[in-house]
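Input: one structure, supplied below.
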Amino acid sequence: MSRAETGTPVARTPSPLWSLGLLRSELATTFRRWRTLALLGVLAAVPVLVGIAVKIETGDGSPAGGGGGGEGPAFIAQVTNNGLFLVFTALAATLPFFLPMAVGVVAGDAIAGEANAGTLRYLLVAPAGRTRLLLTKYATTMVFCLAATLVVALSALAVGALLFPLGDLTTISGTRIGFAEGLGRALLIALAVAASLTGIAALGLFVSTLTNSGIAAMATTVGLLITVQILDQIPQLDALHPYLFSHYWLSFADLMREPVLWDDLTRNLGLQALYAAVFGSAAWARFTAKDINA
Amino acid sequence: MSEPPATAPDGDDAADGVIVTRALTKRYRGGQLAVDALDLTVPAGSVFGFLGPNGSGKTTTIRMLMGLIEPTSGTARVLGRPMPRGARAVLPRVGALIEGPALYGFLSGRDNLLRYDAADPTADPRTRRHRVAAALDRVGLTAAAGKKAKAYSLGMKQRLGLAAALLQPRKLLVLDEPTNGLDPQGMREIRTLVRELADDGTTVFVSSHLLDEIEQVCTHAAVMAQGRLITQGTVTDLAAGLRGRLVVTTPDTGDAARVLKENGVTDVVVAGDRVRGDAPEGELADLTAALVKAGVRVRGFGIERASLEDAFMALTGEGFDVAG
């Protein structure tokens, strides 16, 4: 032991809390990546574009989404009356593709990207521990789901406040609620949207354990996302629809009812939990038994 | 396979060797036998050279020792514990450089080390910055610590990889081809570093396909070819198994070769102005006298020291650079 003490004055009695160092490092590393920042930047730009488009469209006084312009995302007609609706509109516009694509990129890169760069072997001999590393990666992906959703929501709130009036709002059920409660509902909706993304996060992580190429894992995950969205549109596959991870995504709108309609919301959360359990276990089984040759 | 208790003092759990493998075998999917029944023993305190041409199974062995890949059969014990099962207890006391450095290009050199240190659950976060600074200093990277790793040269990356292996006091250091990409000055520094670490009591396991760099620092060596262990032992023993070769430098190579053969020298080979052969037992001076008497002009006369390369050639019957 004499030698171990020459370098470090403090005796090494590992504390369980030190294990969290990896999570902190992982979060810092993920959010310092140029790619992560670019994804968040794109997500922040969507509400700006939607807000400006609605402002220009309604400059002559006609209501947005009305007339012959076809259907826009949910809630778009109310945006001119209340800027807070831009939050709901932006989330409804980004949830089908932009948000899950960003999550698919981060989740798909989680293990495969480290393998591709060769850093995986050094993390494992550090030793990070395979289960601990996988849990850290999943936790970080979940944090990214929340961060990405909040970026869209906050950007929309800022743009909405700048371009449109704020105030009391009317729910889908026709009742009126105060602005403060409206903000509360917006936060709840953001959380529901973030939770909707945990299924594809688990799926992406599983794909990430299958390959040593980060790009391949990202492309596969995003490809699966598109495939599932298409399958969800085919009426003949009706029996399959309740099991597709994206099927209940737009249920977050039910939080704008009075009283809130919980049926589809809980079905969505249950389905996401199921995906997380199934693909999380599959990722664990694969990753802990895998030969690391990269 | 009884495991020693976790509280065993550091020195005792590896009494029979810091690395011990028995019949260690790895067969990849597709049937290729990468490592074939390897019995390796690395004594504590040694600087152990692990030699073999590219593709001879060195890296596969190292990956099995580090718990990165599962052996097909056989056992591997590192610091007295079985791998890969004992990885959590063993690896914090092992520093490793495996198949070249791997870094996060968008992070600075210092941040790379902070990340690798954070991955070790036994590393104290209170001393992290201090230990990272010390490791950077030890490999001479303090001045470049703030630069992004993607701007590093290959040699700097190699140094940073070494620094990652030196973040903690280690019992065992595994260095896979540590001098790749380094200039002669860098190679010299690595050799000095290895000697320092060995003097501190760290066992150093160095793999290489370059023989001369090993010969200069190692106390022990093992030679691999095509997945099999050809030999292992102390460097002195390995080289002593070979007699030196007689070398005569002369402009009259034809006459010299004839005279040497007449005087009992076997396996005479002429190359350029040199004549080489296996000298017979007895006084070498008699050979010089015979050469002079025959009118052969001699520029040089001596015994070439047997090198590990000769040992390898003698053992495998092929050149060292042949890939397996």
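The values are calculated or read from the model by the stated rules, or taken from the named source; none is laboratory data. Bear in mind the structure is a predicted one, so any value in this text is a computation, not a measurement. Note that we place each Cβ from the backbone using ideal geometry, even for glycine, and neighbour counts take in every protein chain shown.
Provide a single number: the residues in the range B:69-86 that are of a type outside the set (S, T, N, Q) and outside any loop (DSSP other than H, G, I, E, B). Walk me through how you get there before you give the answer.
Start the filter on the range B:69-86 by keeping residues that are of a type outside the set (S, T, N, Q), which leaves B:69-71, B:74, B:76-86.
Cutting the leftovers down to outside any loop (DSSP other than H, G, I, E, B) gives us B:74, B:76-78, B:81-83.
The total comes to 7.
Against the definition (of a type in the set (Lys, Arg) and assigned to a helix (DSSP H, G or I)), how does B:Arg188 come out, yes or no?
Here the answer is yes, as B:Arg188 does meet what is asked.
Can you tell which of A:Val125, A:Val103, A:Val159 is crowded, with 21+ Cβ neighbours inside 10 Å and in contact with a Cys (Cβ under 8 Å, 6 or more places away or on another chain)? Give the derivation first.
Values: A:Val125 fails: in contact with a Cys (Cβ under 8 Å, 6 or more places away or on another chain); A:Val159 fails: in contact with a Cys (Cβ under 8 Å, 6 or more places away or on another chain).
Going through A:Val125, A:Val103, A:Val159 in turn, just one is crowded, with 21+ Cβ neighbours inside 10 Å and in contact with a Cys (Cβ under 8 Å, 6 or more places away or on another chain): A:Val103.
Might you let me know whether the range A:137-144 holds any residue that is buried (at least 17 other Cβ atoms within 10 Å of the Cβ), within 21 Å of the chain's Cα centre (by Cα), within 14 Å of chain B (Cβ to nearest Cβ) and touching a residue at least 40 places away in the same chain (Cβ under 8 Å)?
yes
Would you check which residues across the range B:200-216 are within 14 Å of chain A (Cβ to nearest Cβ) and modelled with pLDDT of 90 or more and list them?
Selection gives B:Thr202, B:Thr203, B:Phe205.
Here's another thing I want to ask about it. Any chance you could count how many residues in the range B:87-98 are surrounded by fewer than 19 Cβ atoms within 10 Å (Cβ to Cβ) and outside any helix (DSSP H, G or I)?
0
Regarding B:Leu51, is this residue closer than 20 Å to B:Val235 by Cβ, aliphatic (A, V, I, L, M), buried (at least 20 other Cβ atoms within 10 Å of the Cβ) and modelled with pLDDT under 90?
Yes; evaluated as a whole, the condition is true for this residue.
I would also like to ask the following. Somewhere in the range A:273-285, is a residue within 25 Å of A:Gly184 (Cα to Cα) and either more than 14 Å from chain B (Cβ to nearest Cβ) or exposed (fewer than 12 other Cβ atoms within 10 Å of the Cβ) (or both)?
yes
Right, here's the next one. Restricting to the range B:3-48, what's the tally of residues that are surrounded by 17 or more Cβ atoms within 10 Å (Cβ to Cβ), acidic (Asp, Glu) and either within 18 Å of B:Gly95 (Cα to Cα) or modelled with pLDDT under 85 (or both)?
Adding up the residues that qualify gives 1.
Let me ask another. For the range A:14-31, give me each residue that is more than 7 Å from every other protein chain (Cβ to nearest Cβ), of a type outside the set (Asp, Glu) and crowded, with 17+ Cβ neighbours inside 10 Å.
A:Leu23, A:Thr30, listed by residue number.
Among the residues of the range A:233-251, are any closer than 14 Å to A:Gly104 by Cβ and among the small types (Gly, Ala, Ser)?
yes
Take the conditions modelled with pLDDT under 90 and over 20 Å from A:Thr140 (Cβ atoms) and apply them to A:Leu274. Does it pass?
Details: modelled with pLDDT under 90: no; over 20 Å from A:Thr140 (Cβ atoms): yes.
For A:Leu274, the condition - modelled with pLDDT under 90 and over 20 Å from A:Thr140 (Cβ atoms) - is not met.
Going by what's in this entry, would B:Thr122 be described as on the phi < 0 side of the Ramachandran plot and at pLDDT 90 or above?
Numbers: on the phi < 0 side of the Ramachandran plot: yes; at pLDDT 90 or above: no.
Here the answer is no, as B:Thr122 does not meet what is asked.
Spot the failing condition for B:Arg129; the list is (1) over 15 Å from the mean Cα position of the chain (by Cα); (2) within 14 Å of chain A (Cβ to nearest Cβ); (3) of a type in the set (D, E, K, R); (4) crowded, with 19+ Cβ neighbours inside 10 Å, and only one is missed.
It is condition (4) that B:Arg129 fails.
Touching a residue at least 40 places away in the same chain (Cβ under 8 Å) and away from chain A (no Cβ under 13 Å): does that describe B:Val139?
Here the answer is yes, as B:Val139 does meet what is asked.
Scan the range A:108-134 and report the pairs whose first residue is closer than 18 Å to A:Ala282 by Cα and within 7 Å of chain B (Cβ to nearest Cβ) and whose second residue is at pLDDT 95 or above and in a helix (DSSP H, G or I), with Cβ atoms within less than 6 Å and a gap of 6+ or a chain change.
So the pair list comes out empty.
Next question, about the same structure. Among the residues of the range B:196-236, write down those that are assigned to a helix (DSSP H, G or I) and touching a residue at least 60 places away in the same chain (Cβ under 8 Å).
Result: B:Ala198, B:Leu211, B:Asp212, B:Ile214, B:Glu215, B:Val217, B:Val235.
Go through (1) within 14 Å of chain B (Cβ to nearest Cβ); (2) closer than 17 Å to A:Leu99 by Cα one by one and return the number of the condition A:Asn293 breaks.
(2)
To keep it simple, each residue is scored yes or no on (1) in contact (Cβ under 8 Å) with a residue 12 or more places away in the chain; (2) facing chain A (nearest Cβ under 9 Å); (3) touching a strand residue (DSSP E or B) at 6+ places or on another chain (Cβ under 9 Å).
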| position | (1), (2), (3) |
| --- | --- |
| B:Thr72 | yes, no, yes |
| B:Thr75 | yes, no, yes |
| B:Pro82 | yes, no, yes |
| B:Gly86 | yes, no, yes |
| B:Ala102 | yes, yes, no |
| B:Ala119 | no, yes, no |
